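Peer 1: If you scroll down you'll find the structure; I have some questions about it.
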Amino acid sequence: MSILKKLELEPYRASRVAPELRDRSVEDVTEAIREKVLETHAELVMAARMSREKRSEMVSLVSELIVSCDLYVGRLTRRDLAERIVQELCGLGPIDEFLDDPAVTEIMVNGPHEVFVERNGVLEKTDVRFSSDAHVLDIINRVVGSVGRRVDKSSPYVDARLPDGSRVNAVVPPLSLNGPVLTIRRFPERYSHLKELVSVGTLPAFMASFLQECVACKLDIVISGGSGSGKTTTLNVLANSFGQDERIIVIEDSSEIRVVGHHVVHLETRPENVEGKGLVTVRDLLRNALRMRPDRIVIGECRGKETFDLITAMNTGHEGCLSTVHANSSKDCIARLTGMALMSEESVPLNVLESWIGSALDLIVHMRKHPGGARVVSEVAIVGLDEACIQVARVYVHEEGIVVQELPGWFLSKVGQERAERLSDALFGEAKGR
């Protein structure tokens, strides 16, 4: 090993350091390095925040500055100190290590002194701490600022995303009494094919074939479930099953859906500015998307007035739409959609709105998260109208398998003979061949 390498890895020796430098803390050294780096290498800092490949360049640069400035922190090697500083400058500080752990799917910061993670589906408390509320706020502002958003007392909660697509939510005082709260939903394994969901036990192979046929037949599909049940992952997989020749419009609050190798336009909402202007909602984007010649429309999540516009789009020739909604079951999903559509205040009678939903929506895929952390397709239900009354019939239940002998007549008449035959063959033919 070279002498230079040994110097890089060995701890600092107090005898080599001036007495006035021995009591410096990591925070003091970080601040001193921050000023020098931002003054001379601001572009590299920004690049390293967006790309983890640039981190090694930053570590080398910071290591050189530590030596040239004769900075010192006890019990840390130069390399360790450089990596700690780069975490603060370019990463997410104390929680940066969790972004490198593929088993961590959720990071929850409840103020500066309490950090939880969900690892392999199980919640656990960590020993990680932030130094203060200001430290957490600095990390939050770095994340939301990179996507043009803000969080402060006048706008005390925000949704954003990390460069890798991880979903970020932040709530700050006065809404949060714990101090700044940061929640990061990660997607360490970005599934894009139904066979991948089969391999991890989310659904059986015969049901994957049926869902593939539903997408090919351009059924309008809603994926329901609780928080963290796998709705977005399943939506992402189904969206990747679209035809290569189709134009897809994806609308989200924070972009996280990845449709690879397709003709895709991604649209993202925008919060209002400090003057209370410039707000662009999912509903605004959906109405605009209808003018963009879409073959498929994908809404990351329906949670309000945009539900009415999605139902209207499904009923006016825009087939093969996809979205997600929070619900407890496939039947509860209908009630949720109805309630959210009523928020639009379009003065449509309830019975008419329900008939529109029964006419527009074809399939509900309900997700559930098991106590051990596994995500499964719990139910698959078809939707339609029978004598002007909305009908929801489960065709698959996780614990029982296929629970019908044939597709009901009201559904067959809704989708037409050709699609009905294809769907019946996919459902019952594949199931018999298990």
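Values in this text are rule-based calculations from the coordinates and carry no lab data. For clarity, every value in this text was computed on a predicted model and none was experimentally measured. Every residue, glycine as well, gets a Cβ built from its backbone with ideal geometry; the counts of neighbours run over all protein chains shown.
Peer 1: Got a sec to turn the phi values of the stretch 245-258 into Karplus ³J(HN,Hα) couplings, 6.51 cos²θ - 1.76 cosθ + 1.60 with θ = phi - 60°, whole Hz, x for Gly and Pro?
Peer 2: So the Karplus estimates, Gly and Pro as x, are 8, 9, 8, 10, 10, 10, 10, 8, 6, 10, 5, 9, 7, 10 Hz.
Peer 1: Another one. Label point 7 Å out from Ala374 along Cα-to-Cβ: which residues of the stretch 101-144 have amide N under 16 Å?
Peer 2: Under cut-off, by backbone N: 120-122.
Peer 1: Each residue of the stretch 117-134 in turn: what ³J(HN,Hα) in whole Hz from Karplus with 6.51, -1.76, 1.60 and θ = phi - 60°, glycine and Pro shown as x?
Peer 2: 9, 9, 10, 6, x, 10, 7, 8, 8, 10, 8, 6, 9, 9, 6, 6, 4, 4
Peer 1: In terms of modelled amide H atoms, which long-range or inter-chain residues lie less than 5 Å from the amide H of Ser224?
Peer 2: HN-HN under 5 Å from Ser224: Val325, Val365, His366, Met367.
Peer 1: I've got another one for you. As I understand it, the value is the acute angle between the Cα axis of helix 330-342 and the longest principal axis of the Cα atoms of the chain; what does it come to in degrees, rounded to 10?
Peer 2: Rounded to the nearest ten degrees, it is 80.
Peer 1: Connecting C-alpha atoms closer than 10 Å in a GNM of the chain, tell me which of Gly121, Gly416, Gly91 has the biggest fluctuation.
Peer 2: Residue with maximal mean-square fluctuation among Gly121, Gly416, Gly91: Gly416.
Peer 1: Amide H of Val158 versus every other amide H placed in the peptide plane: which residues, excluding those fewer than 5 positions away on the same chain, fall under 5 Å?
Peer 2: Ala170
Peer 1: Also: Quick check for you: which residues of the stretch 241-278 have the amide N under 14 Å from the point 7 Å beyond the Cα of Ser146 toward its beta carbon?
Peer 2: Only 255 pass the distance filter.
Peer 1: Could you give the length gained by full extension between Glu319 and Val403, i.e. 0.36 nm per residue of separation minus their alpha carbon distance, to one decimal place?
Peer 2: Details: separation 84, 0.36 × 84 = 30.24 nm, distance 2.66 nm.
Fully extending the segment from Glu319 to Val403 adds 27.6 nm.
Peer 1: Under 5 Å between amide H atoms, partner at least 5 residues away or on a different chain: which partners does Val395 have, H built in plane at 1.01 Å?
Peer 2: Val380, Ala381, Ile382
Peer 1: Roughly speaking, what is the stretch gain from Arg422 to Leu290, that is 0.36 nm per residue apart minus the C-alpha to C-alpha distance, in nm to one decimal? Walk me through the numbers on the way to the answer.
Peer 2: On the way: separation 132, 0.36 × 132 = 47.52 nm, distance 2.86 nm.
Here the segment from Arg422 to Leu290 would lengthen by 44.7 nm.
Peer 1: For Cα extents along the principal axes in Å, the listed values are [x] 83, 53, 52; [y] 90, 46, 42; [z] 88, 53, 40; which was obtained by calculation from the structure presented?
Peer 2: Identified label for the calculated read-out: [z].
Peer 1: Separate question: Between Glu124 and His266, what length in nm is gained on full extension when 0.36 nm per residue of separation is reduced by their alpha carbon distance? Mind dumping the intermediate values first?
Peer 2: Numbers: separation 142, 0.36 × 142 = 51.12 nm, distance 3.49 nm.
Gain on extension, Glu124 to His266, equals 47.6 nm.
Peer 1: Same structure again: Can you tell me which of 391-402, 301-312, 197-208 comes out highest on packing, and rank the rest after it, using the mean Cβ neighbours within 10 Å? Intermediate results must be reported in sequence, preceding the final value.
Peer 2: Details: 391-402: 16.5, 301-312: 21.6, 197-208: 18.8.
Those peptides, ordered most packed to least, come out 301-312, 197-208, 391-402.
Peer 1: What is the angle, in °, between the Cα long axis of helix 78-90 and the longest principal axis of the Cα atoms in the chain? Nearest 10 is fine, range 0 to 90.
Peer 2: 50
Peer 1: Step through the residues of the stretch 304-318 one at a time and calculate ³J(HN,Hα) from phi using the Karplus curve (6.51 cos²θ - 1.76 cosθ + 1.60, θ = phi - 60°), rounding each to whole Hz and writing x for Gly and Pro.
Peer 2: x, 4, 5, 4, 4, 5, 5, 4, 4, 4, 4, 8, 10, x, 8
Peer 1: Moving to a separate point now. Suppose R0 equals 41 Å. What FRET efficiency, 1/(1 + (r/R0)^6) with r the Cβ-Cβ distance, do Ser199 and Ala388 give to the nearest 0.05? The partial results should precede the final answer.
Peer 2: Values: r = 43 Å, r/R0 = 1.05.
After rounding to 0.05, the efficiency reads 0.45.
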